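Participant: Here it is, the structure, as structure tokens.
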Amino acid sequence: MDYSAHPSAVIDEGCIIGKGTKVWHFSHIMPKCTIGENCNIGQNVVISPEVIIGNNVKIQNNVSIYTGVTCEDDVFLGPSMVFTNVNNPRSAINRRDQYSKTVVKKGASIGANATIVCGHDIGRFAFIGAGAVVTKNVPDYALVVGNPAKQIGWMSEYGHTLKFDADGLATCPESKQRYKLSANRVSRIDE
């Protein structure tokens, strides 16, 4: 076993967990999950069957990740945020064959208590504010907040608000990486 798990964690058979990953108190990893290397899975996290988690993903306490969700590398999931996987759940009706897919792309951050309604992808390095309710796809580098979530700006890969000049150029104050805004899309120009 190349990962570590607290004795109170439950890890079902058929999971693949990468080297250096840590699973903390009272978390439950269900069958057929794939979890990458160097992840940190906080206390009281539930990861449902067949979820895919990339490398270096940070999952804070009390997060629920349901079947149909994929998180790419370097994703941050804030405390008590949740994904859904059925648009019209009913207790008496089994809709396991109707799970919608959600992909959280590389480097995205989702704030505390946010909800991601299923079937909506989160773009690369997007930033979802605390308590936001995401009801549509979020573009790469977008900053979204509120209920329903609305885009209010753009974020750098280091998590700083980007301020674009008249030519559509911005520089991250921390990394000095440069970005271009064109046709309401942001891309890094010095990759």
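Listed here are the residues, each with its yes/no results for (1) polar (S, T, N, Q); (2) within 22 Å of residue 155 (Cα to Cα); (3) in a strand (DSSP E or B).
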{"position": "2", "(1), (2), (3)": "no, no, no"}
{"position": "43", "(1), (2), (3)": "yes, no, no"}
{"position": "67", "(1), (2), (3)": "yes, no, no"}
{"position": "103", "(1), (2), (3)": "no, yes, yes"}
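Participant: Moving on to the next point. Which of the residues that make up the stretch 81-103 are within 15 Å of residue 50 (Cβ to Cβ) and not β-branched (Val, Ile, Thr)?
Facilitator: Selection gives 83, 85, 96, 97, 98, 99, 100, 101.
Participant: So which strands (runs of 3 or more DSSP E) stay within the stretch 115-173 end to end and still have 2 or more residues that are under 20 Å from residue 57 (Cα atoms), outside the structural domain of residue 71 (by TED's automatic domain parsing) and free of Cβ contacts under 8 Å to residues at least 12 places away in the same chain?
Facilitator: Ranges flagged: none.
Participant: Further question on the same structure: Tell me, yes or no, whether the stretch 66-77 has at least one residue that is among the small types (Gly, Ala, Ser) and at negative phi.
Facilitator: no
Participant: Give me the pairs, please: first residue somewhere in the stretch 178-191 and farther than 18 Å from residue 159 by Cβ, second residue anywhere and assigned to a strand (DSSP E or B) and not hydrophobic (A, V, I, L, M, F, W, C), beta-carbon distance under 9 Å, and either six or more positions apart or on two chains.
Facilitator: 180/187; 180/188; 189/178; 189/179; 189/180
The values are calculated or read from the model by the stated rules, or taken from the named source; none is laboratory data. Remember, it's a predicted structure, so these values are computed and weren't measured experimentally. A quick note on method: Cβ atoms are made from the backbone with ideal geometry, for glycine too, and the neighbour counts reach across all protein chains shown.
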